[in-house]
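Every number here is computed from the coordinates shown, using simple stated rules; none is lab data. Predicted, not measured: the structure shown is a model, and the values here were computed from it. Glycine also receives a Cβ, built like all others from the backbone with ideal geometry; neighbour counts cover every protein chain displayed.
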Amino acid sequence: MVGEALSTAGLALAVVAVMIGGTYVAAVLDVLFTRLTMRVAVRPLAAAALPLRRAAQLALQRRTLTERPDAGTWALAPAVLAALAAVSLAVVPLTGTLIPVEADTGIVVFAAAMALVVVAVYLQGWSPNSPLSLVAAYRFVAEGLSYEIPFAVVLIGTALPARSLALVPIVTSQEHLWNVIRQPLGLPVYLITVLALSFWGPLALPEGQDVAGGTSLELSGVPRLLWRVAQLNVLVAVSAMGAAVFLGGWLGPWLPGGVWMALKTLFLLALLVASRQFFARVRTESFVVVAWTVLTPLALVDVFLAGIQAMVAAR
Amino acid sequence: MIADAVFWILAVLAVFSAWRVFRTDSMVRAAYWLLVSFVGVGLIMVMLKAEFLGVILILMMGGEMTIMAVFMVMFMMNPAGLNPMIMVHQNRAAMAAGFGSFALLSAVGLFARFPASVVAPTARATAELGTELLGDSMLVFQTAGVTLLAAMIGAVALVSVRGRFGPADEGSDAPEQQPAADADVDSSAPPSSTGPSSSAASSPTPPAPSTTPEVTEGAMPADHSHEGA
Amino acid sequence: MEGGAAALTILVVALGAFLILKGVGDVLNPPRSTAPSRVPFSGGLSPDTHAWNRYHVRYYPMALLFLAFDMEMVFMYPWAVVFVEEGLIALIEMLMFITILLFGILYTWREGAFRWS
Amino acid sequence: MVVRSILARLAKKAPVPVFLISGIGGDEITDRLRLDDRLHVTDSPRPAMILMIAGRLTSDLKYAALQVHDQMAEPRAVVRWSPAERDPAAEVFPHFVAVDAVAAAAAATLAAAAVNTRDDLLAGSFPSSPPLLPDVEPNPWRGVGPWGQGGTGMTGGVPYGRPLPERAKDRDGLQLDQLLMRVGPFLPALPEGLILEVRLQGDVIQDVTVGANPFVEEAVPDSEEEELPAFPGPADLAPFLASLRVPVAVAELELARARHHLRWLGHALRVHGLAALGRRVLALSARVHSQGAGSSNALGSAEVVELRRSLERNFTLAWATRGIGRLSGDQLAALDGGPVARAAGIERDERCADPAYLALGFKPVVYAGGDALARWRLRLHEAEQSLRLAETAGNSMTTVTGTAEGPTGPLGRGPGPSSRLLPLLPELLTGLEWGDAVTTLLSLDLDLREAALTPPGSGVAPAWAW
């Protein structure tokens, strides 16, 4: 009983540690990529300290209020986003043995947690009772309703060869061939949809400059800091999941499983974070059209190809 | 022990948030209180070994409740509840329906013969569900597909503004409602109103704050019950 | 079940940690405001009304389409688990199901309901 | 306390979050401020610590500046620089750090002052600027609900100090609320000083009214006040205005044009989500600037060529701008030339009338699309062309013809290009989604300072005609 509680606490701590570490790494990567794009000198030490310095500065600010905001939901929005990210990271097996949450329906839990991201972002935009922020909130609803289907469907595709919705079988089913090669459409669709999900880079529609920051427009001080952290948490969670279901998770030669998993997660995280420097922000309407008429059919094709392959492999 | 405690916490959470749905003025809050209630129920289902059904309930309700919030905000006057209002109407009928359905469901719970066998911890609930879908229930499954298609086409044909069938509002009558130019004119009810005329609100002095709901109800224009329908 | 307990713990811990951090921030720097400071920012001018309004969601056809597809996803999960065991019949069945739904997308797209401005 | 001092020490080397306001004469400095590594220019005043005012504020700008000041989180402070001896409008800020420097050094001095002020604010040795506007609710109200909340009825009254939005007809046939949004003059996505009254239904614009240009100052008749300093107009237009009267080196004009286009590009890239690349382009434009006329090589044209190639391949940028903001034939005719017209296939360029340009083999750049994408491509192409011209021009001088092709359109013939564009905005923006409207506004390259030289409908002859 006690031992069980202790091991649960230990696993929860592991998730928290991975989350904090990953978030910090994502913030530093963003600084590095930004400075590289600006073509200014990159000082690694300064870049490593910069996120902490910025965070400290925000922590010292007095929070601002708006006219009659919905204070409860406003306070809840970043917390909900972070909690969802934490739960979705928790179902990802970190190594063959270090599995924080072993759920039979791992990818469904992940998809469910990520489906609720829409709630957090919508509340963040709705709550301050500010016009541009409201526009941003509704943009994200449009975005969210569009990415959710292809996002869930490509995840289902990875479950086919494993014959299970749990993540450990999904990773072990990639023993001979990673899903990124076996299902070539999967990872690209996944990456696009998770960019939308974490409202980052070209798909940062609710945080665009045209709405002066949108959902974070009225944020200052600690709430702003928490919102930024929660957003990076989501990026970390989706990178880890992508590494597990498409890049074979902890599988790999020579190095220990945990290192492989960390490297693969880092690779996807860097890819996602860097996208901000290469792609301009997309129009909401264009994204909706493409998500429904291109991404969703592609995701379905991906599932069927994966199914046929799995069937042939099983014969 | 812990499992019992968690169950009761979730059960109370589900009931409490379901009650809050009707006690808040804000449409967004109402929708998301309902979501909290569903999450509570979903987690209880997970505890009952129906892991897939519980999680999928949460997954679906995340999107669904957002759509509900967005639609309620679109059609309700005063969507954020900045002005006081009451979310419950036709109290007698509602209470009768509520208690009736509660009694019915309780009766099912009490009198139905549930299988006594304990679910084996190794049971693959999701796989069994899948086999069922591809086996005996296949017709149901495919009918669902056609029904969904019909729903989609129907919805789009009805609401699409620039579809092939002309503008969506063609031939429809816009409700005759006056813009809420000022507080007093606003509370005049539309012709279709069935509620009491809101004489209290059109008096120049607003009613004094009171804890009795009757006063507020008098102060409400009656048309909002139709708005939300 | 153990997994569920751990997941629930992590959920509560993360939720709690963020709310506590916000509380600590408010204790360190209690928020202060005046009426003009609470005006929502839109470039330095004041609005006439509250921002909250009956917001016209122009993508509502798409929202309805989403509802249908959300249902479809529910069916796909158990299908994926038994797919390999069931073989061809599962493939054909889901193909039929999906094709039916894709007609929905096609129709919606054809009607231009994904666009709104 | 310990926590606070640790955090304060950690925060000291972070870039200072500043909200940047630029008044008259501040247009050149703001670019250099954006390039300063010590500053982080924010999109919203909420997280900013320093309100930085570059230039002289007109009375219209003053009120907006006060509002923005009060919206900033505490601790906050004002750091300002003004080219005028005395700036009556800015004196409403009781606590400010005034920077006294010539324009060329102002940016560096402002940034240094911002850093020092931030450090002092965090150390507590400089008081946070108090709220400046009177603390009164916009409307008197008292709660009338059972818990003291809200106004009367469903949508009446002024709950929490403001009425609710009203419903109005829409193109969908739904009668939903219309939100009146007043944007500007300091919304970072819009051209500096542009004020719009936008009626939004959902995220689609139903109606637009262009507000009064805040850079226009009404002369107060019979006032005892000393006369306001003459409005200099936008700084990067100066060589073009000069060329209306005296011959100017072609190289100088073309460098100024390239610099203008690159500045515009830097700003536009930032708004389109490519902030870091935008900063790089701004830095590039500053380098073009410092080269000046005369030196005819190494003007960064290789970099511009590379930039153009990479941006033309950027498919998300093309995707975000394609088909947005097309002008009708009548509207194009009203423009009387300029880049926006050339991007719609109208081959009009004042430079074609100048023998100096003809001798250099000049041919105007024309694009056919007429949308925001075509304007982007045209400006990039023109920037490259201008640098080439500047390289080959040598010492050739322009001929004074009374008109000149400015970076935004023809000068010297009636109202300026921005004055011609502003009246078109209501028709152009109505029916667009808000994001598309911003894209359109960006692509038009409006300059309210230039428009202030010829207030629309004022009947006043353009300032350059005198």
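Once R0 is set to 22 Å, what does the formula 1/(1 + (r/R0)^6) return for the Cβ-Cβ distance between residue D:427 and residue D:352, expressed as a FRET efficiency to the nearest 0.05?
Values: r = 29 Å, r/R0 = 1.34.
The pair residue D:427/residue D:352 has a calculated efficiency of 0.15.
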Handout entry: Spacing of the two label points (7 Å from each Cα toward its C-beta) at residue A:267 and residue D:5, in nm
Key = 4.9 nm
Practice task
Just flag the trypsin sites (Lys or Arg not before Pro) in segment B:1-67 sitting in loop per DSSP whose Cβ has no more than 12 other Cβ atoms within 10 Å.
Solution key: B:23
Practice task
May I ask for the angle, rounded to the nearest 10°, between helix A:221-246 and the longest principal axis of chain A, with both axes built from Cα atoms and the value confined to 0 to 90°?
Solution key: 10 degrees
Practice task
At a Cα cut-off below 30 Å, give the lysines reachable from residue C:22, other chains included and same-chain residues fewer than 8 away excluded.
Solution key: D:12, D:13
Exercise for the section: Can you tell me the relative contact order of chain D? Whole percent, Cα pairs under 8 Å, sequence separation 6 or more. Expected result: 14 percent
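Multiply the residue separation of residue A:309 and residue A:20 by 0.36 nm, subtract the distance between their alpha-carbon atoms, and state the gained length in nm to one decimal. Write out the running numbers ahead of the final one.
Numbers: separation 289, 0.36 × 289 = 104.04 nm, distance 3.82 nm.
Between residue A:309 and residue A:20, full extension yields 100.2 nm more.
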Fill in the blank from the handout: Mean per-residue count of partner chain Cβ within 10 Å for A:296-309 equals 3
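Give the order of A:147, C:107 when sorted by the count of other beta carbons within 10 angstrom, beginning with the fewest. Display every interim value, and only then the final one.
Details: A:147 26, C:107 18.
Going from least to most buried by this count: C:107, A:147.
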Problem - Number of partner chain Cβ atoms within 10 Å, mean per residue of B:67-77 - result: 6
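Would you mind classifying chain A by shape? Square roots of the alpha carbon gyration tensor eigenvalues, ordered a ≥ b ≥ c; an a/c under 1.5 is rounded, otherwise it is prolate if a/b is larger than b/c and oblate if not.
Details: a/c = 1.61, a/b = 1.37, b/c = 1.18.
Prolate shape, in that a/c is at least 1.5 and a/b is the bigger ratio.
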Problem - Pairwise centroid distance, computed over Cα atoms, of segment D:372-425 with segment A:230-251, Å - result: 50 Å
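Pull out a ≥ b ≥ c, the square roots of the eigenvalues of the alpha-carbon gyration tensor of chain C, then state rounded if a/c is under 1.5, prolate if not and a/b is larger than b/c, and oblate in the remaining case. Provide the component values of the computation, followed by the final result.
On the way: a/c = 5.91, a/b = 1.48, b/c = 3.98.
Judged from the Cα gyration tensor, chain C comes out oblate (a/c at least 1.5, b/c at or above a/b).
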Fill in the blank from the handout: Listed with the fewest Cβ neighbours within 10 Å leading, C:22, D:13, A:264 appear as D:13, C:22, A:264
Exercise for the section: Please tell me the relative contact order of chain A in percent, rounded to the nearest whole number, where contacts are Cα pairs under 8 Å and at least six residues apart. Expected result: 25 percent
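Okay, helix-only estimate at 222 nm for chain A: each DSSP H run of n ≥ 4 adds -39500 (n - 2.57), divide by all residues, round to 500 deg cm²/dmol; what do you get?
Numbers: 13 runs with 221 residues, N = 315.
Helix contribution divided over all residues of chain A: -23500 deg cm²/dmol.
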Exercise for the section: Treating cross-link reach as a plain straight distance, find the lysines whose alpha-carbon is under 22 Å from the alpha-carbon of residue D:62, omitting any fewer than eight places away in the same chain. Expected result: none
Problem - segment D:2-123: relative contact order as a whole-number percent, Cα under 8 Å and 6+ apart - result: 27 percent
Problem - Gyration tensor (alpha-carbon) shape descriptor, segment D:235-465, a/c threshold 1.5 - result: oblate
Completion exercise
segment D:5-39 and segment C:4-66 have their Cα centres apart by a whole-number Å value of 27 Å
Completion exercise
Residue-ordered couplings for segment D:325-338, obtained by feeding phi - 60° into the Karplus form 6.51 cos²θ - 1.76 cosθ + 1.60 and rounding to whole Hz (Gly and Pro as x), are x, 6, 9, 7, x, 4, 5, 5, 4, 5, 6, 6, x, x
